[in-house]
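A short write-up of the structure that comes next.
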Amino acid sequence: MITDSLKQSCSSSLLSLTLDRCTNVKSEGWACLSDVLCHLVMLQELSLAETTIPLESIWTPLLHGCVGQLKKLNLAHTKFSANKGNASCCNKVNRFIVTCQDLNHIDLSGCKLPPDVLKLLLSGISDNILLTEVYLNLSFCELGISGIRLLASLLPSLTNVTSLILSSNEGEGELSTLLTALHGYKGVNHLDISDNFKLNKLKDKRFFVKTLISLVEDKENTIQSLNISNLKLKSELNPFIGCLAYNKKLRELDMSGNATLNSGARVLAQSLSVNKTLRKIALDNNQISLQGFKDLAAAFSLNTTLQSLVYPYQDIGSSSRSNEIASCINKMTSVVEKNNSPDIAGGDLLLHQQYFILNSSENLQLDKAVVNLYDNLTKAQGRKGEAFIRKKKKVPTATLR
């Protein structure tokens with residue numbers, strides 16, 4: 001039996017223990033394992049994901065043995081029993097978190113946390129001044145509207161959480177409340193709110209996107225990585241995509257699964273031709289056709305900072321012109337590979353980049369905005385830039401249809 005083996009070994013020197021998917025842990029086995037955990041004072045990583053151990057029973061042995069060195073705790077998809085709501089369990093969760101000295105990775109995804117447990121968990125994290133740069137995964141926890149509201153109310157005090165995963169929590173309209181709470185918050189640098197929308201009303205989607213734009217443009221926010229995939233925002237996401245042109249903080253963006261179509265691809269192409277901060281982007285499953293990928297390929301050729309592209313398999317597979325699309329994507333990936341070259345890094349982006357001049361009358365306002373931006377950039381570069389922009393015949397143009 002595994003617990004007997006652990007007892008016979010030098011348990012005090014064990015650094016990592018993984019018992020994932022042990023679905024036959026009965027009461028006697030858990031009693032032995034609990035006794036072992038009480039003595040694992042040097043343990044740094046513990047994973048009990050997808051086991052049949054009652055979640056409320058785990059905290060006591062952890063509190064007795066693992067608070068000193070434990071850095072990573074994975075309890076994903078571990079369930080509470082019928083006594084999940086009792087005050088004793090909540091207090092044990094809080095006491096363990098408050099007592100930990102080095103914990104920086106907490107995965108409770110799929111644990112279906114009741115509000116009282118969630119509150120004391122978050123309070124424990126915020127109250128423990130020893131915890132820094134905490135990764136907190138609360139995806140698939142069925143937080144719902146009440147849970148998201150609770151999280152939003154406590155968020156200002158969670159300054160030690162830098163990665164927050166909240167995907168698939170049925171947050172619906174309360175995601176806007178969460179984003180509002182993040183304003184002026186100097187903590188989270190990776191935020192995942194994917195797979196949360198079930199709203200069909202345009203006004204709700206537009207309000208969410210407006211709040212999202214306000215957040216990423218907030219001078220105080222520290223978000224560098226954002227996952228908004230599978231929110232099905234469609235063309236309502238385009239204003240956010242457009243604001244990426246001038247964003248100087250976001251380095252990674254996952255916007256896949258939003259059905260933005262070719263109109264979204266056009267706006268993204270325009271933003272990528274100017275943006276010099278994004279390093280990684282995922283845009284699959286947006287129902288982009290060949291023309292959209294042509295626009296993106298042209299934009300990628302003007303970008304010198306993107307270093308990673310998640311390959312859009314779904315959009316390729318769903319198109320009747322998959323070979324032509326694959327050719328465009330190959331051009332995009334070759335640019336990404338080139339951007340990873342040390343010869344490009346640190347170069348003068350203004351001299352490397354060319355800018356879209358959209359010639360169609362329907363895009364006249366966008367043309368003017370791009371030209372004005374280019375003028376401002378060249379003025380900042382001095383007389384050399386001014387002389388360059390006067391020679392319009394030498395500035396290559398790319399027409400987006």
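Quick note: the coordinates plus some simple rules give every number you see, no bench work behind them. Since the model is a prediction, treat every value here as computed from it, not as a measurement. Glycine also receives a Cβ, built like all others from the backbone with ideal geometry; neighbour counts cover every protein chain displayed.
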Exercise. Report, by chain and number, residues whose modeled amide H sits under 5 Å from the one on V134, excluding near sequence neighbours (fewer than 5 apart, same chain).
Key: V161, T162, S163
Exercise. Please give the FRET efficiency for Y135 paired with D35, using the beta carbon to beta carbon distance and R0 = 41 Å, rounded to the nearest 0.05.
Key: 0.90
Quiz item: Roughly how large, in nm² to one decimal, is the mean projection of the convex hull of the alpha-carbon atoms in segment 93-215?
Solution: 6.8 nm²
Exercise. Hey, could you grab the Kirkwood Rh for segment 224-351? Inverse mean 1/r over distinct alpha carbon pairs, Å, one decimal.
Key: 14.4 Å
Quiz item: Are any of the pairs K112/K203; K112/K198; K71/K119; K186/K234; K71/K186; K201/K294 more than 25 Å apart by Cα-Cα distance, and if so, which?
Solution: K112/K203; K186/K234; K201/K294
Practice problem: Give the peptides 247-254, 286-293 in descending order of average Cβ contacts within 10 Å, highest first. | Solution: 286-293, 247-254
Quiz item: Which percent of Cα pairs goes in each bin when the distances of segment 106-168 are cut into 5 angstrom slices starting at zero?
Solution: 4, 19, 32, 29, 13, 2, 0
Quiz prompt | Protection-proxy order for peptides 175-186, 295-306, each taking the mean of Cβ atoms within 10 Å per residue, highest first | solution = 295-306, 175-186
Exercise. Arrange the peptides 91-103, 217-229 so that the one whose residues have, on average, the most other Cβ atoms within 10 Å appears first.
Key: 91-103, 217-229
Practice problem: Please provide three numbers in whole Å: the alpha-carbon extents of segment 48-156 along the principal axes, with the largest listed first. | Solution: 34, 34, 23
